[in-house]
């Protein structure tokens with residue numbers, strides 16, 4: 001009789017532990033973890049439950065060979081080995097941990113591990129926000145960090161994919177040029193790899209820009225429209241970018257404009273050297289980088305495995321700033337392209353293993 005009363009009491013108590021209560025408990029625990037992270041700082045290792053699928057998120061400051069303490073982050077599947085490593089290169093004025101979080105989460109959900117780094121003068125890394133003093137330094141920093149990850153023992157046999165949007169697309173192409181045979185592919189989103197002919201400044205304007213960038217490099221004098229208004233189609237995203245304290249929202253600094261101009265001209269002259277497999281995506285209504293630029297890249301590159309996707313009505317930021325249904329379309333195309341290369345890599349490894357076994361049997 002006493003046991004039955006205990007069972008009844010247990011059932012009554014259990015009735016109060018509702019799914020809503022469990023959800024609130026998880027949120028409270030998550031908040032406590034975040035508070036601990038903010039107190040501890042520097043190296044962080046947390047689990048996120050976005051899309052109801054757990055993923056690991058690591059953020060860390062590292063000191064590179066130039067002595068710069070740069071901010072890095074990583075997203076990876078919590079339960080499975082990743083199919084491949086994807087290395088994010090953010091756009092001008094942007095950063096990785098906030099504005100590229102949605103992109104990384106989608107890729108992790110598809111089975112990939114994602115790494116990013118805030119370049120000097122961007123995001124949580126040091127330097128005057130929005131200032132690119134030397135584009136080559138940014139490439140060296142990215143190359144050093146990404147290569148160190150690839151050379152870790154557990155990563156040496158994994159496929160390595162570069163992914164960059166806008167300025168990040170230019171960075172991905174420069175990383176490929178730095179080590180032509182090292183990377184297994186690239187996803188280029190509205191890449192900054194050429195200046196459209198009708199947008200090229202006159203030689204006089206360029207001469208003035210060069211002179212001023214030497215005298216007052218940090219001044220925000222480059223006459224451009226508000227990039228946020230023309231790059232991000234979704235009004236909610238525009239608001240997020242404006243309230244994100246880690247993004248740069250002013251006019252381009254003179255030295256930054258000169259460095260990006262010089263980098264674009266440099267890439268334009270050597271587009272035929274692009275030999276790695278790549279997928280290039282561009283919105284046809286992009287007013288930041290001209291869609292014709294991606295067409296020229298596709299036609300000029302010597303790569304035999306290449307694909308061009310143009311999206312009618314879409315704007316510049318295809319991986320973050322588009323309408324939700326358009327983001328689904330874009331990432332469906334990206335994941336499909338990645339999965340095909342992953343499957344091909346698996347078949348290649350199986351074939352190599354088979355040949356190795358055949359040799360052992362023969363000997």
(request) State the extension gain, in nm to one decimal, for the chain segment bounded by residue 179 and residue 296, taking 0.36 nm per residue of separation less the distance between their alpha-carbons. (result) 39.9 nm
(request) With a ≥ b ≥ c taken as the square roots of the eigenvalues of the C-alpha gyration tensor of the stretch 268-356, please select rounded if a/c is under 1.5 and otherwise prolate if a/b is larger than b/c or oblate if it is not? (result) oblate
(message) Return the Rg/Rh ratio of the stretch 282-333 with Cα-based radii and a Kirkwood Rh.
(response) 1.00
(message) Which of the three applies to the stretch 157-215, rounded, prolate or oblate, going by the alpha-carbon gyration tensor with a ≥ b ≥ c and a/c under 1.5 meaning rounded?
(response) prolate
(message) Quick check on the exposure proxy: order 122, 115, 145 from fewest to most C-beta atoms within 10 angstrom.
(response) 145, 115, 122
(request) Using only Cα positions of the stretch 42-362, each an equal point scatterer, no hydration layer, compute I(q)/I(0) via Debye at q = 0.14 Å⁻¹ and quote the log10 values to two decimals. (result) -1.11
(request) Could you check what % of the DSSP bridge pairs in the stretch 42-362 are antiparallel, to the nearest 5? (result) 45 percent
(message) Multiplying the sequence separation of residue 128 and residue 221 by 0.36 nm and subtracting their Cα-Cα distance, what value in nm do you get?
(response) 31.9 nm
(message) For Cα pairs less than 8 Å apart in space and 6+ apart in sequence, what is the mean separation divided by the residue count of the stretch 42-362, i.e. the relative contact order in percent?
(response) 16 percent
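Every number in this text was worked out from the coordinates using simple rules, so none of it is lab data. Everything numeric in this text was worked out from a predicted model, so none of it was measured. Cβ: placed from backbone, ideal geometry, glycine included. Neighbour counts: every protein chain shown.
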